[in-house]
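What follows draws every value from the coordinates through simple rules; no lab data is involved. Values in this document were obtained by computation on a predicted structure and should not be read as measured data. Using ideal geometry, Cβ is built from the backbone for each residue, glycine included, and neighbour counts are taken over all protein chains shown.
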Amino acid sequence: MQASDVISIGNLAARVGVSVSAIRFYEAKGLIEPFRNSGGQRRFLRSDIRRVSFILIAQQLGLTIEEIRAELAKLPNGRTPNAADWKRMSGHMRALLDTRIASLTRTRDLLDSCIGCGCLSLRKCALYNPQDRAASRGAGPRYVIGDRAADVLAG
């Protein structure tokens with residue numbers, strides 16, 4: 001390993017735009033793993049810039065620490081991930097994103113109409129969820145979850 005492959009915690013934090021305490025948090029959660037130099041200072045691989053960048057993106061997408069850890073576990077330790085590594089991991093991430101996009105789209109489209117929650121407080125609820133028929137499908141905002149009003153009314 002060359003000196004140019006290694007960066008300090010401060011340099012890592014500055015490069016990705018987070019505080020040093022955030023880097024320590026990610027370390028404590030097992031998302032990144034530093035090593036210690038002869039003076040006992042934390043040192044990170046330059047490839048950890050990409051790992052922390054991925055963590056930031058995943059957090060913005062709403063992934064939990066456990067979900068992020070599971071995704072990062074798919075990457076190799078001790079070497080810079082290559083394009084094949086990231087492609088392998090991205091398949092699962094794409095599926096998660098597609099599911100979230102679909103949910104957000106449904107929520108946006110239904111937000112000012114009946115969402116099948118059972119409150120029956122809107123005039124539209126009497127049309128789309130009369131007598132709270134959506135409740136027969138389970139708890140929660142049934143139409144946002146993915147049930148369709150037409151299916152509830154037909155069943």
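Calculated mean residue ellipticity, 222 nm, the chain: -15500 deg cm²/dmol, from DSSP H runs (n ≥ 4) at -39500 (n - 2.57) each, averaged per residue and rounded to 500. Taking the chain as a Gaussian network of alpha-carbon nodes connected by springs under 10 Å, the highest mean-square fluctuation of the residues I32, I101, I68 belongs to I101.
What FRET efficiency do you get for N82 and R36 if R0 is 35 Å and r is their Cβ-Cβ distance, rounded to the nearest 0.05? Here the calculated transfer efficiency is 0.85.
With springs only between Cα atoms under 10 Å, which of L97, L45, L120 fluctuates most in a Gaussian network model of the chain? Answer for the Gaussian network model of the chain: L120.
Residues in the range 41-47 carry Karplus couplings, in order, of 7, 5, 9, 10, 6, 4, 5 Hz; the curve used is 6.51 cos²θ - 1.76 cosθ + 1.60 with θ = phi - 60°, and Gly or Pro positions show x.
Please work out the ratio of the alpha-carbon Rg of the range 14-100 to 2.2 N^0.38 Å and round it to two decimals.
Taking the Cα Rg and dividing by 2.2 N^0.38 Å, one obtains 1.12.
With a cut-off of 14 Å between beta carbons, the residues surrounding L122 carry a summed charge of 0, where Lys and Arg count +1 and Asp and Glu -1. When the charge dipole of the chain is built from unit charges on Cβ atoms (+1 for Lys and Arg, -1 for Asp and Glu) and taken about the Cα centre, the candidate among A134, N82, G155 whose Cα reaches farthest toward its positive end is N82. For I32, the residues whose modelled amide H falls within less than 5 Å of its own, excluding neighbours fewer than 5 places apart on the same chain, are E27. Taking θ as phi - 60° and the Karplus parameters 6.51, -1.76 and 1.60, the scalar couplings of the range 142-148 work out to 4, 6, 6, 5, x, 5, 10 Hz in sequence order, x denoting glycine and proline.
From largest to smallest, what semi-axes in whole angstrom does the range 94-151 give when each is the square root of 5 times an eigenvalue of its alpha carbon gyration tensor?
They are 22, 12, 8 Å, listed largest first.
Under a 5 Å amide H cut-off, with hydrogens placed 1.01 Å from N, R46 pairs with V6, I7 among residues at least 5 apart or on other chains. By the equivalent-ellipsoid construction on the alpha carbon gyration tensor, the range 5-47 comes out with semi-axes of 15, 12, 9 Å, ordered largest to smallest. With K and R counted +1 and D and E -1, the other residues having a Cβ less than 12 Å from that of L96 yield a net charge of -1.
Straight-line cross-link partners of K74 among the lysines, defined as a Cα under 28 Å from its Cα and at least 8 positions apart when in the same chain: K29, K87.
The residues packed around L31, meaning those with a beta-carbon under 15 Å from its beta-carbon, carry a net charge of +1 if Lys and Arg are +1 and Asp and Glu are -1.
Legend: calculated FRET efficiency, R24 to K74, from the Cβ-Cβ distance at R0 = 25 Å, rounded to 0.05, equals 0.60. In plain terms, the bigger the Kirkwood radius, the slower the diffusion; for the chain, with that radius from Cα pairs, at 37 °C and 0.692 mPa s, Stokes-Einstein puts D at 175 µm²/s.
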